[in-house]
Each structure stands twice: as structure tokens, then as C-alpha cells.
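Below is one structure, written out as C-alpha cells; the observations come after it.
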Amino acid sequence: MQAYVTPCIGQPPIGLATSRYSWQTVLLFTLILHALTADGQNINRQQVRRLLADLSVSQSTEKRIPILLELGKFHIYKPGESKVDLDSARLYLYQAKKLSDSLHLLTRQHETACLLIVADLEGGNTSAGRNKFSQLVVECLRTGDQEGEAITRHRFGIWQRNFAPDSASILTNFHRAATLYRAIKKPQQEIQMLQEIAITHFYEGHILLAESELHTVLARYKAIRYDKLHYTYNLLSAIARVKGDLKEGLRYGLLCIESMRKTADTASAAAFYGDLAEIYDVAGDQRQRIEWYKKSLAVWRRERLPNYALFNAAGCIAKDLIAQHKPQQALTFLQKLVAEIPTNTLIQKACVAQNLAYCYKSLKNYPVAERYYLDALARYEKNNLDFEKSLQVRQDIGTFYLEQKKYDEARYFLIKALTKLPQKEALSTLRDIKLMLFKVDSAQGM
């Protein structure tokens, strides 16, 4: 399970294990990932401890419900498909349901029902998911619960975007949710839906449209004096990077960190740090790049949860050690991290395999490096993963074969990297791939 939050571009969006829309790394994380909303694991272990403390002293039955819902979401969206986590989620959600039923709180009843559907979907019961969501929407319409319908359509749209891509339906749900929130005078939630629309367009490769929509979102948030602008800044930074505008990318990235610190909303700090490191990476500022990746990794490790973004940041640090001619130190660092926090999803395993390939290549153990490269690619392709890191592994393999003077294999993988969703790739990467293809052509006398 991956948390849904409006994704930070450093991490894949939630549900990346089957998503066809995801764009980048620990772009997704996200949670990118994401810019983030309160619609998923936008809380960390420290916040969970506070919620548990609040729950233990809460005397108000009604006030216990949102705490139970947040705890349920935390366990639903933890990385991996752990039955223990889902059972814990359901335990909290059933308590919320019981309280909501006893108090006849219609919207809370529908919200709890919606999260129970998400728990079932995360547990693999996806075939009935669409029908269950649709039935809940009908029930909200029948009872006149506009807020409940908006919440349900929001989650329905998120689920579809990650597990059953259908752009028309996804956008219809977000637009309808925005309309409902406007009708019940909840401007913050309405603007949040407009941001989801922009994110959907971003994942589809409609970069300029998404950018324009996010500027509108930013202006509207400022108009209502909403101060958690870091999520929107994070998305605008990612778009600037994809466009190759590193100056704007860095400006928005730094605004993101400034806003996060000003509001003390640090739940997504690790992802934001990783995204800023990406900007410095493309800009060629290796000192700042590694500084921010180390900050990102430190925060992820404190959470002690296996996370794609954690392993991506570790891989970047390992590559820096390799650049310092310390491949054995890089390998040991990665092996210790995986022993400390084992991977539990295919996307994490693919990232680790990719990182290990870099180490073994630098150690000149080419057969093992090749095996890890191909293993990483197989794991990405198994789930139709087409985001920046999965595109990069094709480039990595092509470059590896070029260095081995296996030109036909190099050409195959480099062309595959170049033609696989190029509109979602950073301009700097496209430039590098074309340079490698030029070298292949030159070596073969073309």
C-alpha cells in the first residue's frame, strides 16, 4: 500500500504498483509526491503517537471519530500490502462506524464506509471496488449528503487514477467534487479538487495545462489565506524541472521548504527534501544535491517504514560514493540499509536492484551488474511502471551495453528509453539519451 497524498514529485503516486500515470521517483513519492492533502498518509509516526494520546483522553464521542479515521488511514496507506496493517485499519474504522451510527452522523457514516472500501481495495479486492464506490455515491445522492458525496468522489477519483485509469471518469469525479464543495461553502476542499485535476493532467503529460491550473490553485489558496502552500509549490517545482526551467524549479522548491517550515507541517519533509535534491542534481550542484538527499534519507529512516523514496535517496547517496571511487562503501551502505529496513513492494525492490547494479558495475563485476539491471527493469515493466526512475533504468542498461561494446543491445534499450512516454521525461535526460545513441551510431559507423 502506498499512501495517497497529492504526490510530492519525489515519489510515485500512491498505488504506484499498478499505476500507469505515475511520473517520477521519490515523485511519488511522494505521497509525493504530493503536494499532499489530508486524504492519506500525510501523517508520520510522531503524529500517530499524538493521535493515540488524544484518543486515550478524549471524553467526547464525536471528537473521537476523526481521530479514529486518521488512524485508520495511516494503516491503510502504509507501504506494502500487510494484512496486519489492514486489520488494524479496519479495527479503527469499525470503531468510527459504530460511533457514527450511534450519533446518526450521516457524512461520517459515508466517510467511514468509503475508507472501508479503500481498505478492501488495498487488500486486493479490486474487482468490486468500482461498483462499491458507485453504490456509495448513489447512497449519498439518495440521502442528500453533498459532503459525503464529495468525499466519496474524491477517493473514487484517486483510486481510479492509480488502479483503473479512465481519464474522463477521474476528471468527472474531481469536477463534481469541486462543485459540491463550492455548494456547501468549503473553499479549501474545492481548491484541493482543482489541484487534483491539475495533477491528473500532469500525469497525462499535459504539462502546460497543469501548470496554468496550479497557478490558479495557488492564487485561490492565497485569497482564502490558506498557508500550507508547500504542496502546490512542490508541484510547480516539478513541472519547472520537467520543462527544463531549473531557475523556476529551484525557486519553487525553496518556497516549498520555506512554507513547510513556517507552518511546521513537516509530515512530507523527506519527500520535499528529495525533490529539492533532484533540482540540484540536474543543475549540477553536487554538494547541495547530496546535502538534501542526506536530509531526506535521515527523515525517512526515522519513520522506519520501507518506502520507495527512502531507497531512492539512498541510491543517490551511493552513486555519490561511487563517484568518489568508493564503490565497496556504497555497496555496504545499501546492504546495511536493506537489512535494517527490508523492502516490501516491487517498486522498492526494483529501486534497490537498480542501485546495486550501479555498485557492481563500478566494482567491475559486470555479470552481477547486468543481472541487477535486468531484474530492476523486469520489476518495473511487470506493473507497467513508466516514471522517471523506470525510464532511467533503460538508459542505464543502454549505457552499460555501450560500455561493453554490445552496440545492438545498447541501441535497443536507449531507443526504448527515448520512446517510452518521452513527454513525461526531463529534458536533461532526453539530451543524455540522444548523446548515447549518437555514440552507438559512431561506433557502428552510421
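The values are calculated or read from the model by the stated rules, or taken from the named source; none is laboratory data. As the structure is a computational prediction, the values presented were derived from the model and not from experiment. Here the Cβ positions follow ideal geometry from the backbone for every residue, glycine too, while neighbour counts run over all protein chains shown. Calculation scope for accessible area: heavy atoms of the full protein, side chains included, ligands and nucleic acids excluded. Shrake-Rupley method; radii C 1.70, N 1.55, O 1.52, S 1.80 Å.
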Checklist outcome for this item: Note on the stretch 166-185: residues closer than 18 Å to residue 200 by Cβ and open to solvent by 50 Å² or more (accessible area, probe 1.4 Å) are 166, 168, 172, 175, 176, 179
Next on the checklist: On the basis of being buried (at least 24 other Cβ atoms within 10 Å of the Cβ), assigned to a helix (DSSP H, G or I) and of a type in the set (A, V, I, L, M), does residue 191 make the cut?
Outcome noted: no
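Yes/no matrix, rows are residues, columns are (1) small (Gly, Ala, Ser); (2) more than 22 Å from residue 390 (Cα to Cα):
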{"site": "283", "(1), (2)": "yes, no"}
{"site": "289", "(1), (2)": "no, no"}
{"site": "293", "(1), (2)": "no, no"}
{"site": "299", "(1), (2)": "no, yes"}
{"site": "309", "(1), (2)": "yes, no"}
{"site": "328", "(1), (2)": "no, yes"}
Next on the checklist: Can you name every one of the helices (runs of 4 or more DSSP H) wholly within the stretch 237-313 that holds 1 or more residues which are charged (D, E, K, R), open to solvent by 60 Å² or more (accessible area, probe 1.4 Å) and modelled with pLDDT of 90 or more?
Outcome noted: 246-263, 286-303
Checklist outcome for this item: Filter the stretch 399-425 for residues that are assigned to a helix (DSSP H, G or I), closer than 21 Å to residue 242 by Cβ and open to solvent by less than 20 Å² (accessible area, probe 1.4 Å); the one that is modelled with the highest pLDDT is 414
Checklist entry - Residues in the stretch 314-339 that are modelled with pLDDT under 95 and among the hydroxyl-bearing types (Ser, Thr, Tyr): how many? => result 0
Checklist outcome for this item: With criteria (1) open to solvent by 10 Å² or more (accessible area, probe 1.4 Å); (2) in contact with a helix residue (DSSP H, G or I) (Cβ under 6 Å, 6 or more places away or on another chain), residue 335 comes up short on (2)
Checklist entry - Name the pairs: first residue in the stretch 258-287 and farther than 15 Å from residue 317 by Cα, second residue modelled with pLDDT of 95 or more and among the charged types (D, E, K, R), Cβ to Cβ under 6 Å, at least 6 apart or on different chains? => result 263/227; 263/228; 265/228
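From the list 124, 148, exactly one residue is under 26 Å from residue 204 (Cα atoms), open to solvent by less than 60 Å² (accessible area, probe 1.4 Å) and in contact with an Asp or Glu (Cβ under 9 Å, 6 or more places away or on another chain). Which is it? Break it down stepwise before answering.
Details: 148 fails: under 26 Å from residue 204 (Cα atoms).
So the residue among 124, 148 that is under 26 Å from residue 204 (Cα atoms), open to solvent by less than 60 Å² (accessible area, probe 1.4 Å) and in contact with an Asp or Glu (Cβ under 9 Å, 6 or more places away or on another chain) is 124.
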